[in-house]
Every structure is written in C-alpha cells, then in structure tokens.
Amino acid sequence: MAWLILVTAGLFETGFAVLLKLSHGFTRLWPTVGFAACALLSFGLLTLALRHLEVGTAYAVWTGIGSVGVVVLGMLLLGESASIPKLISIALVVAGVIGLNLTGAAAP
C-alpha cells in the first residue's frame, strides 16, 4: 500500500510542476490553485508513504515519477522538444524507479 501511495504522490508532483509552469509566476488564479492543491497532496502522500518506506528510496522514486511525468507532459501538452537522447534518458529513469521498487525497500 505504501508503494501505491508513493506513486500517487509522484503523480501529484507531476501535476504541481506542470501547473507551476501554467501559473506564469502565480499570475493566473486557477493554475496557481491547482499547483497549491497538488503540492499539498503530493507532500502529504509522500509523508504517509515514508512511514513504511526508506526515505532514500521513497524520495528517489517520488522525484523520478515527477521528473518523467513532467518531461512527458511537457512534450505532449506544452510543445517541448522530443529527441532520442531525451527518450533514452526517460527510459533510464523509469528503469531506476522500477529497480528501486523491486528492492522492496521497507523502513527498518
């Protein structure tokens, strides 16, 4: 269950990063509200997951999900560039997240 909570936290991290871009420096109301909501949910869920997972592994997975999510959404929705090296790098991050998940790192 802690892994599911952590993945959800990572998805909300993706949301808050994209909404931060869309808020244009907190000058647009609804993206700013969405950013704040996603940030609170992301950090709150990360806190819950940390009750059962090692902090190093959990943080790496959380940031990995957020990073990959932001890059993918940036390419799909925000017109950011896509290239073979960028896609290979995304695959490496995903492989690292999967590897950390497979280690089953639980809190001591």
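Throughout, read-outs are computed from the coordinates displayed, never taken from laboratory work. Everything numeric here is computed off the predicted structure, so don't read it as measured data. Cβ sites come from the backbone with ideal geometry, for glycine too, and all protein chains shown count toward neighbours.
The table for this structure:
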quantity	calculated
Every pair of residues 6+ apart whose Cβ atoms lie under 6 Å, when the first sits in the range 14-27 and is closer than 10 Å to Leu73 by Cα while the second is among the small types (Gly, Ala, Ser) and surrounded by fewer than 20 Cβ atoms within 10 Å (Cβ to Cβ)	Thr14/Gly69
Helices (runs of 4 or more DSSP H) contained entirely in the range 20-108, each with at least 1 residues that are small (Gly, Ala, Ser) and surrounded by 15 or more Cβ atoms within 10 Å (Cβ to Cβ)	29-49, 55-77
